[in-house]
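The values are calculated or read from the model by the stated rules, or taken from the named source; none is laboratory data. The shown structure was predicted, so the numbers you read here are calculated from the model rather than taken from an experiment. When we count neighbours, we look across all protein chains shown, and the Cβ atoms used for this are built from the backbone with ideal geometry, even at glycine. Keep in mind that these areas ignore ligands, DNA and RNA; they rest on the heavy atoms of the full protein, side chains included. Shrake-Rupley method; radii C 1.70, N 1.55, O 1.52, S 1.80 Å.
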2 protein chains.
Amino acid sequence: MSIVPIIDVLKGCVPSDSEVTVQGWVRTCRDSKAGICFLSVYDGSCFHSLQAVIKNTLINYQKDILRLTTGCSVSVTGFIVESLGRGQCYEIQAKAVKVFGLVDDPDTYPMAAKHHSMEYLREVAHLRPRTNLIGAMTRVRHTLARSIHKFMDEQGFLWISTPLITTSNTEGSGEMFRVSTLDLENLPRTPVGEINYNKDFFGKETFLTVSGQLNGESYACALSKIYTFGPIFRAENSNTSRHLAEFWMVEPEVAFATLSDITIFAEAMLKYVFQIILTERADDMQFFANRINKEVINRLKKIINADFIQLDYTEAIEILKSCNYVFENPVSWGMNLSSEHERYLVETHFKVPVIVKNYPKDIKPFYMRINNDGKTVAAMDLLVPGIGEIIGGSQREERLNQLDQRLEEIGLNKENYWWYRDLRRYGTVPHSGFGLGFERLIAYITGIKNIRDVIPFPRSPRNANF
Amino acid sequence: MSIVPIIDVLKGCVPSDSEVTVQGWVRTCRDSKAGICFLSVYDGSCFHSLQAVIKNTLINYQKDILRLTTGCSVSVTGFIVESLGRGQCYEIQAKAVKVFGLVDDPDTYPMAAKHHSMEYLREVAHLRPRTNLIGAMTRVRHTLARSIHKFMDEQGFLWISTPLITTSNTEGSGEMFRVSTLDLENLPRTPVGEINYNKDFFGKETFLTVSGQLNGESYACALSKIYTFGPIFRAENSNTSRHLAEFWMVEPEVAFATLSDITIFAEAMLKYVFQIILTERADDMQFFANRINKEVINRLKKIINADFIQLDYTEAIEILKSCNYVFENPVSWGMNLSSEHERYLVETHFKVPVIVKNYPKDIKPFYMRINNDGKTVAAMDLLVPGIGEIIGGSQREERLNQLDQRLEEIGLNKENYWWYRDLRRYGTVPHSGFGLGFERLIAYITGIKNIRDVIPFPRSPRNANF
């Protein structure tokens with residue numbers, strides 16, 4: 001007699017009238033006056049539970065079954081039969097039920113079968129995967145990761161892990177976490193009284209990385225197509241629903257690719273992964289549509305079928321200036337687009353995803369390729385309705401002279417970039433890449449508003465619990 | 001005219017006599033007196049380069065082609081034809097060659113086409129992916145990651161990302177990196193003069209994780225089958241060929257699974273991924289067999305076909321005691337097996353992979369399930385010939401009383417494990433899991449001796465360069 005996941009039963013992969021065992025946790029428990037107990041058993045393999053029908057003729061009915069409450073763990077052996085009940089195709093008629101673990105004091109069980117606020121669930125992050133919401137999110141998260149890996153592999157990309165502990169600072173941002181083994185009560189000092197990082201684990205000041213891009217470029221400039229999929233850290237003191245101190249990022253980098261190539265690639269990737277989510281996670285997506293945001297399925301479908309608009313930053317500014325809409329942040333060439341501008345473009349003006357290209361160089365990092373106009377760089381942001389920017393990328397400056405000039409303009413010490421510059425000295429190639437915030441994409445797909453609810457154990461200012 | 005990866009040409013996917021473009025870097029360049037240049041072009045898509053045959057009738061032959069050296073980047077457009085040369089099936093007859101980037105001073109090019117020591121290559125880690133060795137390693141690494149994800153997905157496992165920044169310490173080990181944003185020159189103090197971590201980013205002392213297991217258990221105890229695949233950190237001051245300060249780990253965790261279930265699973269996983277490596281990375285594996293260790297292909301094949309031996313620690317000790325072999329570390333019940341003992345068991349005694357089970361509780365962490373004998377725990381180590389331990393796992397202690405007793409014995413404060421204990425209070429289930437060091441497995445597969453050469457940018461004591 002085999003143990004089967006509930007998804008196989010509900011999909012009809014288990015022949016009717018065959019005897020199997022399912023294992024999981026009780027979602028709800030209802031005993032009828034007719035001496036039958038209906039147990040809804042969940043094992044995480046899919047959104048739905050399986051109903052177990054248990055007769056009071058079972059040997060441990062009084063002793064065990066009548067004590068079952070939400071959250072108890074059980075194994076149910078019996079026959080799979082077609083169900084006459086509403087909303088389910090199959091049920092299991094129990095021959096034997098084994099109880100593994102009861103719930104300590106069911107009245108105070110933190111995951112009792114009732115509505116819990118998202119804030120409360122974060123306080124019990126170790127138990128919240130037992131909810132429908134976090135369960136569905138976790139399956140979508142898994143399938144999204146899998147489909148990204150699959151897309152990359154099919155396109156000939158190699159997965160690269162770039163280092164998390166680093167001495168360099170890609171974006172020139174100051175908001176990094178220090179990594180150290182120095183004893184804070186006995187900091188070693190140099191003769192002139194400065195902290196002596198030479199005594200630290202790595203012999204230097206080290207931080208957690210904010211991007212794998214520069215390292216990724218080194219591999220793209222050798223193996224052509226690579227991507228990173230790994231954690232990234234930002235010590236930004238932002239207590240918002242869009243920021244995490246620790247999150248996952250996907251960063252493809254492609255040798256011989258122009259900005260145009262990479263925008264086509266980004267569009268294809270989004271459509272590919274959205275299609276897989278809709279197909280393989282239909283039950284979870286239906287839940288999100290019912291409970292979180294009724295648009296989540298439709299908007300993915302629309303994106304899959306849309307032709308993305310591409311336009312220059314300069315054109316975008318013209319549209320925003322001439323649209324008669326009053327923005328909080330006034331519009332002028334040279335400024336960064338803020339969320340309200342991005343959303344106006346995608347939600348009001350174009351109503352499809354928009355790729356804005358060729359931004360002013362002064363609002364973009366040093367590594368982006370300067371255009372012939374001398375004022376803009378070959379950057380792109382991909383904006384989607386409902387959230388705004390979801391992907392940001394660029395063609396990288398592959399010409400050593402231009403790169404050095406940019407480093408100097410910005411006041412970065414080119415000696416610190418010696419190895420990055422080497423990539424331009426030895427067989428340099430045009431190359432492009434982008435960054436996709438994995439959690440932001442999950443939030444978009446599921447409609448979950450706060451990014452802390454799309455990662456198992458969120459890290460944010462004043463919170464590193466669990 | 002389409003741009004194609006070299007793997008497609010060499011696999012015969014491009015029809016003969018069709019016109020295509022390939023892009024990549026020059027491996028070698030040889031011009032014959034007959035006015036023909038033979039260019040070996042590599043793009044990272046597979047182990048081998050494609051030979052381009054370039055006639056001196058090309059318009060830029062003098063200006064560009066004759067200046068090409070190892071490492072230059074080119075695009076070659078021409079017809080794919082069957083090759084008469086030795087060791088290659090196809091070549092490209094160039095109609096046009098475009099040079100993207102030359103090499104600054106070819107005489108000092110760090111990646112000149114000659115033998116480089118592994119130590120030297122680590123000093124130019126930004127360029128070493130251009131070598132045959134690191135290229136092949138990177139493709140194996142990619143395929144290994146992909147095959148692990150694929151195996152897990154097919155078995156119904158969900159990928160979970162567990163937090164990297166943590167306040168807890170799974171193994172009770174002291175060797176962790178501190179993560180902080182405190183200003184070291186102005187450390188905040190409490191009224192009694194201690195460092196005030198309440199002022200730190202997370203409001204507490206935080207570290208980089210040494211394992212995702214405890215967090216993984218929380219998800220397995222809700223969704224049944226999960227695995228982590230993410231980075232792990234150890235601030236161990238070990239300058240050996242087997243240690244990294246930052247490495248990747250795969251940690252499956254399975255609800256309702258016993259130690260026996262998880263050993264069967266581990267064996268199946270290894271066989272599955274080895275088979276994919278041998279099939280999909282045959283060219284790279286042949287290179288490793290030729291250059292690094294002639295056994296690498298054979299030993300994977302042997303493992304795929306082997307029945308793994310399972311035996312108890314106590315039996316293993318008996319074998320080691322009675323074998324007449326003189327070990328550096330004398331053998332007695334209660335000790336940890338060291339590498340020499342493990343290798344004797346797999347290489348001399350059994351000659352197939354061995355799973356040693358049920359170790360003395362005193363040499364294992366608190367979370368392992370105590371056996372009925374009261375002396376041993378349901379732990380397992382999977383040992384393979386040539387390297388020793390490659391997987392370590394256990395059934396977890398799911399009984400609250402026993403867990404509390406262990407925490408007390410070891411002197412750990414059970415309040416710190418409140419959420420881990422909750423998993424035992426609410427619907428506890430037997431569950432098991434293991435940890436697989438991703439880099440150790442790559443080292444084993446490829447035969448590469450030093451673990452610093454199987455990760456793009458290694459981190460070790462006094463080294464966080466690039």
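Points to keep in mind about this one:
- Candidate aspartates and glutamates - alpha carbon under 17 Å from A:Lys204, same-chain residues fewer than 8 apart omitted: A:Asp183, A:Glu194, A:Glu415, B:Glu123, B:Asp183, B:Glu185, B:Glu236, B:Glu246
- Relative contact order computed over region A:68-203 (Cα-Cα under 8 Å; 6+ residues apart), in percent: 13 percent
- Taking the longest Cα principal axis of chain A as reference, the axis of helix A:282-291 is set at about 90 degrees.
- Peptide-level mean, for A:40-53, of C-beta atoms on other protein chains within 10 Å: 2
- When peptides A:121-131, A:75-85 are sorted by average Cβ neighbour count within 10 Å, with the highest value leading, the order is A:121-131, A:75-85.
- Phi-derived couplings, Karplus 6.51 cos²θ - 1.76 cosθ + 1.60 at θ = phi - 60°, listed residue by residue for region A:228-234: 9, 8, x, x, 9, 10, 9 Hz, with x used for Gly and Pro.
- Computed about its Cα centre, the charge dipole of region B:6-101 is approximately 360 debye, with only Lys, Arg, Asp and Glu carrying charge at their Cβ.
- Region A:306-398 - Debye-derived log10 I(q)/I(0), Cα point model, q = 0.13, 0.17, 0.24 Å⁻¹: -0.40, -0.68, -1.26
- Nearest 10 degrees, 0 to 90: helix A:296-305 Cα axis against chain A principal axis: 50 degrees
- Inter-copy label distances at A:Glu154 (7 Å, Cα→Cβ; nm, one decimal): 1.8
- Cα principal axis extents for region B:37-155, largest first, Å: 58, 35, 26
- Taking every alpha-carbon pair under 8 Å whose residues sit at least 6 apart, chain B reaches a relative contact order of 13 percent.
- For region A:257-266, 3J(HN,Hα) per residue [Karplus equation, 6.51 cos²θ - 1.76 cosθ + 1.60, θ = phi - 60°, Hz, x = Gly/Pro]: 9, 8, 4, 5, 4, 6, 5, 4, 5, 5
- Region B:6-101: Rg to Rh, with Rh as the Kirkwood radius over Cα pairs: 0.92
- Cβ-defined net charge surrounding B:Thr143, 12 Å radius [Lys, Arg +1; Asp, Glu -1]: +1
- B:Arg399, B:Arg462, A:Arg396, ranked by accessible area, largest first (probe 1.4 Å): B:Arg462, B:Arg399, A:Arg396
- Applied to region A:395-407, the Karplus parametrisation 6.51 cos²θ - 1.76 cosθ + 1.60 on θ = phi - 60° returns per-residue 3J(HN,Hα) values of 7, 8, 6, 9, 9, 4, 4, 5, 4, 4, 4, 5, 4 Hz, with x for Gly and Pro.
- Cα gyration tensor shape of region B:125-271, rounded if a/c is under 1.5, else prolate or oblate by comparing a/b with b/c: oblate
- Note: relative contact order over region A:282-365, using C-alpha pairs below 8 Å and six or more positions apart, is 37 percent.
- Cα shape, region A:168-248, gyration tensor, a/c 1.5 rule: oblate
- Legend: mean number of C-beta atoms from other chains within 10 angstrom of residue C-beta atoms, peptide A:443-449, equals 0.
- At 1.002 mPa s and 20 °C, Stokes diffusion of region A:212-274 via Kirkwood alpha-carbon radius, µm² per second: 159 µm²/s
- Region A:354-392 versus region A:1-80: alpha-carbon centroid distance in Å: 54 Å
- Environment charge of B:Leu68, counting only residues whose C-beta is closer than 13 Å and scoring Lys/Arg +1, Asp/Glu -1: +3
- Translational diffusion of region A:310-466 was estimated from the Stokes-Einstein equation, with Rh taken as the Kirkwood radius over Cα pairs; at 4 °C and 1.567 mPa s the coefficient is 73 µm²/s.
- Sorted shortest first, the separations between the B:Ser338 label point and its copies elsewhere in the assembly read 6.5 nm; each point sits 7 Å from Cα along the Cα-to-Cβ line.
- Applying a threshold of 18 Å to the alpha-carbon distances of B:Lys11/B:Lys301; B:Lys55/B:Lys98; A:Lys357/B:Lys98; A:Lys63/B:Lys225; B:Lys271/B:Lys301 flags B:Lys11/B:Lys301; A:Lys357/B:Lys98; A:Lys63/B:Lys225 as lying beyond it.
- Neighbour net charge for A:Gly433 - beta-carbon separation under 13 angstrom, K R +1, D E -1: -3
- Shielding by partners, peptide B:457-464 (average Cβ within 10 angstrom, other chains): 6
- For the protein assembly as shown: Kirkwood Rh in Å [reciprocal of mean 1/r, alpha carbons]: 30.1 Å
- Each part reduced to its alpha carbon centroid, region A:245-310 and region A:94-140 end up 30 Å apart.
- Counting only lysines at least 8 places from B:Lys361 when in the same chain, those with an alpha carbon closer than 25 Å to its own are B:Lys321, B:Lys375, B:Lys414.
- Tensor-based shape of region A:244-395 (alpha-carbon gyration tensor, a/c under 1.5 rounded, otherwise prolate or oblate): oblate
- Helix A:213-223 axis versus longest C-alpha principal axis of chain A: approximately 90°, rounded to the nearest ten.
- Overall shape of chain A was characterised from the C-alpha gyration tensor. The equivalent ellipsoid obtained from it has semi-axes of 49, 28, 21 Å, in decreasing order.
- Placing a label point 7 Å from Cα along the Cα-to-Cβ axis, A:Gly35 is separated from the same position in the other copies by 10.3 nm, shortest listed first.
- From the C-alpha gyration tensor of region A:84-139, square roots of 5λ in Å: 26, 18, 11
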